[in-house]
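Read-outs throughout are calculated quantities, based only on the coordinates presented, and are distinct from any laboratory measurement. The shown structure was predicted, so the numbers you read here are calculated from the model rather than taken from an experiment. Here the Cβ is made from the backbone with ideal geometry for all residues, glycine too, and neighbour counts use every protein chain on show.
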Amino acid sequence: MALQLSSAGFCVFRGRRALTTRAVASENVTTLKEEDKVRLGSSDVKVSKLGLGAWSWGDTSYWNDSGWDDRKLKAAKAAFDASIDGGITFFDTAEVYGGAFMGAVNSETLLGRFIKERKQKESVEVAVATKFAALPWRFGQGSVLSALKNSLSRLGLSAVDLYQLHWPGVWGNEGYIDGLGDAVEQGLVKAVGVSNYNEKRLRDAYNQLKRRGIPLAANQVNYSLIYRIPEENGVKAACDELGITLIAYSPIAQGILTGKYTPEKPPAGPRGQIYTPEVLKELQPLLARIKEIGRSYGKSPTQVALNWLTCQENVVPIPGAKNAEQAKEFVGALGWRLTDQEVEELRSLASKTRQAVGLRLDRL
Ligand SMILES: NC(=O)c1ccc[n+]([C@@H]2O[C@H](COP(=O)([O-])OP(=O)(O)OC[C@H]3O[C@@H](n4cnc5c(N)ncnc54)[C@H](OP(=O)(O)O)[C@@H]3O)[C@@H](O)[C@H]2O)c1
């Protein structure tokens, strides 16, 4: 609760007026500027306040109705280009995205291709984050460096801006953290982070890197209006205390907070197992209020849900976009701000929804 009050306090202090000067209330497309960038933790890497997630690109295991084709490829490329056009220049991928399943294409390979094609036309600044898969048969620091070199080769880059451990290792993390340190010292990455780390693992990683003079820049975790575990388990507070950026994944709850899925029209595929018609029914009051608040700003529910996250401070959401329209909509989530009352009202409404939905969302 203390955390929630202090997060709200930031919003009160900042106020609405000062941050609405560049708001483009009546249109969803705008272009972000240099002041819309933030530093990742205490590293030297600056990224747009909102990034773009590339999990769905090339994936056939969870997204894309189990199939990848030319049309989806063109749409993903258009999402990349629209994002750059709007000033969202931070992209998140992983070595395991788009791999292993029939017909899948590796997401790093696609992102690398999109960057190369864009750079052939003009000079663009892109920040790339990717991740090491802590698979049980990968031991020690050497495995981090060899996986990173493979990622760099797929991306066609000599270094990435952020390299993250995708999840904690089964046998411990010390070797992997040493591997991150080696990657920094060899100039293969500009900043390092972790993902899905609880408070204890986060503090351990922070301290181990600190002994080598390297800052732990980010922890990437599931965080959205309807999945607020980082507020409850100490992860958000520890990030704030240690100066580690919280990168929020699934920030629009895999499309649910856009309001386009209803009890009558639930999502197909694996998402439908989580967001059943019953869960979606419980979410309707929250979704209706998000929509109503958005209307008063000329903003969509997606933009309100993302803006709510940025109001928590020290949070960089990385929503996934499959096409240009979705990417353009994300740009309009920045450059304006919900009031502190709206932030708290939505938090409280989401908490009631969570109680009603019970444990079902904990499967996320
Ligand atoms: N570290 C980790 O363990 C981890 C785990 C998960 C995700 N991530 C990262 O976080 C990123 C984002 O998370 P996510 O992809 O799980 O979920 P998300 O960003 O909450 O939702 C993305 C999905 O919502 C739908 N959508 C996006 N924009 C929309 C719009 N404007 N209007 C309507 N629908 C829209 C699209 O799916 P449909 O069009 O099919 O509805 C899209 O694929 C990933 O790409 C990945 O980079 C990391």
### Query
Which residues' amide hydrogens lie under 5 Å from the amide hydrogen of ALA191, considering only partners 5 or more residues apart or on another chain, with H built in the peptide plane?
LEU162, TYR163
### Query
Using the Karplus equation 6.51 cos²θ - 1.76 cosθ + 1.60 (θ = phi - 60°), what ³J(HN,Hα) coupling, rounded to whole Hz, does each residue of the range 44-55 give in order, writing x for Gly and Pro?
8, 8, 10, 10, 4, 4, 9, x, 10, x, 10, 4
### Task
Can you tell me how much longer the chain between SER61 and GLN284 gets when fully stretched, taken as 0.36 nm per residue apart minus their C-alpha distance, in nm with one decimal?
77.4 nm
### Task
Calculate how steeply helix 174-185 sits against the longest principal axis of the alpha-carbon atoms of the chain, using the helix alpha-carbon long axis, and give the answer as 0 to 90 degrees to the nearest 10.
80 degrees
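Tell me, what are the semi-axes, in whole angstrom and largest first, of the equivalent ellipsoid of the range 2-363 as set by the roots of 5 times the Cα gyration tensor eigenvalues?
Details: eigenvalues 175, 111, 92 Å².
Rounded to whole Å, the semi-axes are 30, 24, 21.
Mean separation of Cα pairs under 8 Å and 6+ residues apart, divided by the residue count of the chain: what relative contact order is that in percent?
On the way: 705 pairs, mean separation 86.4, N = 364.
Taking the mean separation of contacting Cα pairs over the length of the chain, I get 24 percent.
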### Query
With each label point set 7 Å from Cα along the Cα-Cβ vector, what nm distance links TRP137 and LYS33?
5.3 nm
### Message
Show me, for the range 258-272, the HN-Hα J-couplings you get by feeding each phi into the Karplus relation (A = 6.51, B = -1.76, C = 1.60, θ = phi - 60°), rounded to Hz, glycine and proline as x.
### Response
6, x, 7, 9, 10, x, 7, 9, x, x, 7, x, x, 4, x
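Beyond a 26 Å Cα-Cα separation, which of these cross-linked pairs lie in this structure: LYS190/LYS236; LYS37/LYS121; LYS74/LYS291; LYS46/LYS77; LYS46/LYS210; LYS236/LYS352?
Beyond 26 Å between Cα atoms: LYS74/LYS291.
Before rounding to the nearest 500, sum -39500 (n - 2.57) across all DSSP H runs of length at least 4 in the chain and divide by the residue total; then give [θ] at 222 nm in deg cm²/dmol.
On the way: 13 runs with 158 residues, N = 364.
Computed ellipticity for the chain at 222 nm equals -13500 deg cm²/dmol.
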### Query
Roughly how tilted is helix 140-155, in degrees to the nearest 10 and between 0 and 90, from the longest Cα axis of the chain?
70 degrees
### Query
Taking the Cα atoms only, what angle lies between the long axis of helix 107-121 and the longest principal axis of the chain, rounded to 10 degrees?
90 degrees
### Task
Rounding to the nearest 20 debye, state how big the charge dipole of the chain is about its Cα centre with +1 on each Lys and Arg Cβ and -1 on each Asp and Glu Cβ.
300 debye
